[in-house]
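What follows draws every value from the coordinates through simple rules; no lab data is involved. None of the values given here were measured: they were computed from a predicted structure. Please note: Cβ atoms are built from the backbone with ideal geometry, for glycine as well, and neighbour counts cover all protein chains shown.
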Amino acid sequence: MYAFDIARPTTLDEAKAAIAAGGQALSGGQTLIPTLKARLAMPETLVSLHGIADLKGVSTDSAGRICVKGATVHRAVAEAVADSFPALSYLASRIGDPAVRNRGTIGGSVANNDPSACYPAAVLACDATVCTDRREIAADDYFQGMFTTALEEDEIVTEVKFPVPQAAAYEKFIQPASRFPLVAVFVARFADGVRVAITGASESGVFRWSAAEEALSANFTPDALDGLSVDADGMIGDLHGSKDYRAHLCGVMAKRAVARAV
Amino acid sequence: MKLTMKVNGREVTGEVEGRTLLVDFLRSDLRLTGTHVGCDTSQCGACTVHVNGELVKSCTMFAAEADGAEIATIEGAAAEDGTLSAIQQAFQDHHGLQCGYCTPGMVMTAASLLKENPKPTEHEVRQYLEGNICRCTGYHNIVKAIMAASGQEMPAMAAE
């Protein structure tokens, strides 16, 4: 790693000041620290968000949305929403491994927007709102491609607010070495329709499968997906799976998710 | 920067750079070399320790972030007189290791598991060990050792 300083603010205002002065936010570090080790980043100062109590915790707002503060670790989310939003709890409980879940955070995950990360699928499928230190961003506007989001360089994800679906499920085809999804699908049924978000598959990062959404909004059963397929063009192809294989898995995992949700 | 932490019940202080990893502080500054570095990319779990009672990969946390924390490493697992912990003893009794490189992380992870879930099933043990890689044993004897440490009869293992 290149040399850098670490700032440890205890309030959001202190963190904003340190980042405005040129620092880079450090949340759980489960992606950023390996990136630093590979010398793919060269910050002068890392601003650890870990000590900011106001950035941790899970609550429910007056609209019934589940609100997860940005620096809440995966394990805490899994425990907090086990009864209120089991699909999100399951997703959080299967990220990485137990040690990673004790450090990695939802804010870090959505800010990084790894094309194979788990959380972006839930955020997009639930039409969640990403709140930052300066604004609120709808999920459809937030994710803009692999490792690309609507965030400004110095913006901090403070909270993610999830409308709770009537029925939902997350199905992940795990890549056993990395424990990231090879392909994973989050299906969420709301009163006004079904949303389907897929992660791990596309070179453009997390995306909505609109044909499946339409079919499932009319008939929320696995069979409704018969005959539908995702175009292999634009899928990720690597040593773990070809473009065609990933496209195929989109359909398989979507069916499994619906089967689990109904 | 200066930092203070409690490691295996003992107050320690040190001077680190921002980029100093917790595992490097433990191994190089405190000379607690029981915590191993296998992959250095947070895949293998050989560096697993407890920070404020929670399982953490010490190669993927900065020492500075552990300022003020309580750390437990493998050196603190046995009693003062050298008597092994129940988990360590079970690893010995059931030959839960071959080369031993992953063992410190395995023991620390097993300790967390049994604290959260004193009577895990074999499946739960295997799932909890997802972040701890062993290249020798094929995991069977590790799983057996953890089941035995939980005081459970060892079931017939799936792959035996």
Longest span of chain A, sites excluded, free of trypsin sites (Lys or Arg not before Pro) in DSSP loop with at most 15 other C-beta atoms within 10 Å?
A:136-262
Could you name the aspartates and glutamates in cross-link range of A:Lys255, using Cα to Cα under 16 Å and dropping any fewer than eight places away on the same chain?
A:Glu171, A:Glu213, A:Glu214, A:Asp223, A:Asp226
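Within 10 Å of each candidate Cβ there may be at most 14 other Cβ atoms; applying that plus a DSSP loop requirement, which GluC sites (Glu not before Pro) in the range A:145-174 survive?
Values: sites: A:Glu152, A:Glu153, A:Glu155, A:Glu159, A:Glu171; in loops: A:Glu152, A:Glu153, A:Glu155.
The qualifying sites are A:Glu152, A:Glu153.
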For the range A:5-162, what is the convex hull volume of its Cα atoms per residue in Å³?
108 Å³
Label-to-label distance, nm, for residues given as A:Gln144 and A:Ala211 (7 Å Cα→Cβ offset):
2.9 nm
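Give the total of Lys-Lys pairs in the range A:5-162 with Cα-Cα distances below 18 Å; include a pair only if its members are 8 or more places apart or on different chains.
On the way: A:Lys16/A:Lys56; A:Lys16/A:Lys69; A:Lys56/A:Lys69; A:Lys56/A:Lys161; A:Lys69/A:Lys161.
Lysine pairs, 8 or more places apart or on different chains, close enough: 5.
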For B:Lys144, which lysines qualify as cross-link partners when the Cα separation must be under 30 Å and same-chain residues fewer than eight apart are set aside?
A:Lys172, B:Lys57, B:Lys115, B:Lys119
Report the semi-axes of the equivalent ellipsoid for the range B:2-76 in whole Å, largest first, where each axis is √(5λ) for an eigenvalue λ of the Cα gyration tensor.
17, 13, 11
Amide H contacts of B:Phe62 (H built 1.01 Å from N, under 5 Å, at least 5 apart or other chain):
B:Leu22
Under the Karplus curve 6.51 cos²θ - 1.76 cosθ + 1.60, θ = phi - 60°, whole-Hz ³J(HN,Hα) for the range A:40-54, x wherever Gly or Pro sits
8, 9, 9, x, 7, 9, 9, 10, 6, 8, 5, x, 9, 4, 5
Under-5 Å amide H pairs with A:Leu182, H placed in peptide plane, nonlocal only:
A:Phe173, A:Ile174, A:Gln175
Hey, can you grab everything whose amide H is under 5 Å from the amide H of B:Ser85? Only 5+ residues off in sequence or another chain; H modelled, so Pro and N-termini drop out.
B:Ala78, B:Ala79
With unit charges on the beta carbons (Lys and Arg positive, Asp and Glu negative) and the dipole taken about the Cα centre of the range A:221-262, which residue among A:Met235, A:Tyr245, A:Pro222 sits farthest to the positive side?
A:Pro222
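Kindly give Rg over Rh for the range B:18-160, based on alpha-carbon atoms, with the Kirkwood expression for the hydrodynamic radius. Working shown, then result.
On the way: Rg = 14.8 Å, Rh = 15.3 Å.
Rg/Rh for the range B:18-160 comes to 0.97.
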Using the crude model of +1 on Lys and Arg Cβ and -1 on Asp and Glu Cβ, and no other charge, please compute the dipole size for the protein assembly as shown relative to its Cα centre, in debye to 20.
620 debye
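Counting pairwise Cα distances across the range B:86-149, what percent come out greater than 17 angstrom? Write down the numbers at each step before the final one.
On the way: 514 of 2016 pairs.
Above the 17 Å cut-off, the range B:86-149 has 25 percent of its Cα pairs.
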Please list, in order along the range A:239-253, the HN-Hα scalar couplings obtained from phi with the Karplus expression 6.51 cos²θ - 1.76 cosθ + 1.60 (θ = phi - 60°), rounded to whole Hz, x for Gly and Pro.
5, 7, x, 6, 4, 4, 5, 5, 4, 4, 4, 4, x, 5, 6
